[in-house]
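Novice: I have a structure I would like to understand better, so I am pasting it below and will then ask my questions one at a time.
The values are calculated or read from the model by the stated rules, or taken from the named source; none is laboratory data. Just so it is clear, the structure is predicted and the values come from calculations on it, not from any experiment. Reconstructed Cβ throughout: ideal geometry from the backbone, glycine too, with neighbour counts over all protein chains shown. Please note that ligands, DNA and RNA were not included when accessible areas were found on the heavy atoms of the full protein model with its side chains. Shrake-Rupley method; radii C 1.70, N 1.55, O 1.52, S 1.80 Å.
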Amino acid sequence: MPVAGYAAASIYGYSTARVKAMESKMIPSETMQGIVNAKDVSSMLSLLAQTDYKKDLEEFGGVNIKADMIDFALSKNLGYNVNKLITVSPIVVRGIVRAIVGKWDLSNIKLAIEAKSRGGTFNDISRYIVDYGIYNSAALKELMNEPSVEGVINRAMINSPYRKMLAAALEGYRKGKSALEASITIDKAYYDNLGSSIIKLLDMHHESAQIIKLDIDTKNLLYLIRGKKYGAKFTDFSNSLLGNGTIKFDQLRDLYESAKDLESLVREIKVFDLSAALDSYKTAKRKEMLIFEMAMKNDLLNRSMKLLKHSVLSIGTVISYAYLKEIEVFTLRIAIKGKGYGLGRDELSKMMVWKAE
């Protein structure tokens with residue numbers, strides 16, 4: 001049940017103040033728009049160096065940072081703030097918060113599995129590692145010394161809270177020697193496991209549970225949109241779909257099978273307004289799924305901002321910040337890499353909205 005009054009103040013007073021302070025250090029709307037509209041990567045980095053990312057950029061070369069080191073700085077900042085978020089969370093809800101931010105632990109182990117399957121090394125993935133949790137940079141460096149994917153997963157299972165998830169991933173990998181299958185298995189296990197936290201949140205703070213459910217929807221809807229793009233059957237990817245979203249499995253199937261093409265599918269999606277994204281996709285030179293992904297993440301960002309502003313003395317403050325920070329780093333990566341790849345200002349600004357009201 002939700003708590004209020006003195007009980008809420010005693011539980012969430014400290015964490016609310018700390019998270020609000022963390023949120024105040026996030027990139028303001030005008031700065032993010034300036035980064036997106038900058039003429040080149042150097043100009044982007046000059047603006048970024050005036051934000052909370054300054055210390056991280058300086059560690060890897062400041063505004064003269066090499067292009068392949070930018071991801072290090074972004075990942076380091078995200079890892080630091082995820083660790084801090086756990087620390088400031090009330091003890092009574094820390095288990096739920098750990099379950100939610102566990103996605104970065106598992107994202108790290110998926111990086112290791114994929115790299116090992118391609119014969120890669122620790123150096124190939126180090127820039128993308130979120131230095132957080134039991135699979136931080138030091139742990140992954142050790143894991144990558146294993147000679148095979150099976151060795152990586154087996155070693156990662158030792159004394160791990162994710163042992164069951166990784167055991168399922170190992171079984172999935174052994175069936176087809178596919179790193180993708182192992183990653184999909186980890187995702188499904190993570191979101192299935194997150195279901196118990198969602199149930200608790202529905203009782204404690206309904207709006208927070210909805211943010212998590214919508215995050216799951218984004219992943220499922222991207223599967224559907226990609227499927228239509230390539231003319232796939234629903235059964236070709238249905239095993240990859242995640243549970244616990246707002247759109248149930250049968251609804252996803254009906255939505256997909258009733259749509260004749262990508263455009264008609266997107267127009268029937270109701271949980272997000274993708275009409276502008278669809279227009280951008282139709283006129284874009286490169287038909288990237290990123291256009292739809294950014295649109296859904298922007299929607300999640302704005303819902304999280306409203307949740308952060310209106311959640312007083314509740315777990316909603318903590319959860320909304322976790323999503324805001326993730327989307328901030330995601331947006332910066334796309335903006336900087338997009339500029340490096342030659343994407344024009346108009347193409348980038350159409351995709352990115354930051355803290356719009």
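Novice: Sort through ARG174, ARG127 and tell me the only one that's out of contact with any Gly (no Cβ under 7 Å at 6 or more places or on another chain), open to solvent by 30 Å² or more (accessible area, probe 1.4 Å) and either without any contact (Cβ under 8 Å) to a residue 12 or more places away in the chain or more than 18 Å from ASN239 (Cβ to Cβ) (or both).
Specialist: Values: ARG174 fails: either without any contact (Cβ under 8 Å) to a residue 12 or more places away in the chain or more than 18 Å from ASN239 (Cβ to Cβ) (or both).
Every option except ARG127 fails the conditions.
Novice: Next up: Can you pull out every residue in the range 177-221 that is under 19 Å from SER314 (Cα atoms), open to solvent by less than 40 Å² (accessible area, probe 1.4 Å) and charged (D, E, K, R)?
Specialist: LYS213
Novice: Counting only residues that are closer than 14 Å to ASP105 by Cβ and under 21 Å from the mean Cα position of the chain (by Cα), how many does the range 151-182 have?
Specialist: 5
Novice: Search the range 94-119 for residues being within 17 Å of GLY151 (Cα to Cα) and open to solvent by 10 Å² or more (accessible area, probe 1.4 Å), and hand back the single one that is farthest from the chain's Cα centre (by Cα).
Specialist: From the range 94-119, those within 17 Å of GLY151 (Cα to Cα) are 106, 108-119; that's our starting set.
Then keep just the ones that are open to solvent by 10 Å² or more (accessible area, probe 1.4 Å); that gives 110-111, 114, 116-119.
On the way: LYS110: 14, LEU111: 14, GLU114: 18, LYS116: 22, SER117: 23, ARG118: 23, GLY119: 26 Å.
Among them, the one singled out is GLY119.
Novice: While we're here: Being over 25 Å from SER196 (Cβ atoms) and either part of a helix (DSSP H, G or I) or in contact with a Cys (Cβ under 6 Å, 6 or more places away or on another chain) (or both) is the filter here; which residues of the range 231-252 pass it? Break it down into steps so the answer makes sense when it comes.
Specialist: So the first thing to find is which residues in the range 231-252 are over 25 Å from SER196 (Cβ atoms), and the list is 231-237.
Matches in the range 231-252: PHE234, THR235, ASP236, PHE237.
Novice: If you don't mind, there's one more thing I want to ask. Collect the residues in the range 113-124 that are assigned to a helix (DSSP H, G or I) and free of Cβ contacts under 8 Å to residues at least 12 places away in the same chain, keeping them in residue-number order.
Specialist: At the first step, the residues of the range 113-124 found to be assigned to a helix (DSSP H, G or I) are 113-117, 122-124.
Selection gives ASN123, ASP124.
Novice: On to the next question. Can you tell me which residue among LEU343, LEU307 is closer than 24 Å to MET32 by Cα, in a loop (DSSP other than H, G, I, E, B) and at pLDDT below 85? Give the steps one after another, and end with the answer.
Specialist: Values: LEU307 fails: in a loop (DSSP other than H, G, I, E, B).
Of LEU343, LEU307, the one residue that is closer than 24 Å to MET32 by Cα, in a loop (DSSP other than H, G, I, E, B) and at pLDDT below 85 is LEU343.
Let's see how each residue does on (1) among the β-branched types (Val, Ile, Thr); (2) farther than 23 Å from GLY172 by Cβ:
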site	(1), (2)
ILE70	yes, yes
ASN77	no, yes
LYS84	no, yes
ILE100	yes, yes
ASP105	no, no
GLY119	no, no
ASN136	no, yes
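Novice: Then there's this: Scanning the range 269-304 for residues that are among the basic types (Lys, Arg) and outside any helix (DSSP H, G or I), which turns out farthest from ALA21 (Cα to Cα)?
Specialist: Of all residues in the range 269-304, those among the basic types (Lys, Arg) come to 270, 282, 285-287, 297, 303.
Next, from what is left, pick out any that are outside any helix (DSSP H, G or I): 270, 285-287.
Numbers: LYS270: 34, LYS285: 41, ARG286: 40, LYS287: 39 Å.
So, considering only residues that are among the basic types (Lys, Arg) and outside any helix (DSSP H, G or I), the one farthest from ALA21 (Cα to Cα) is LYS285.
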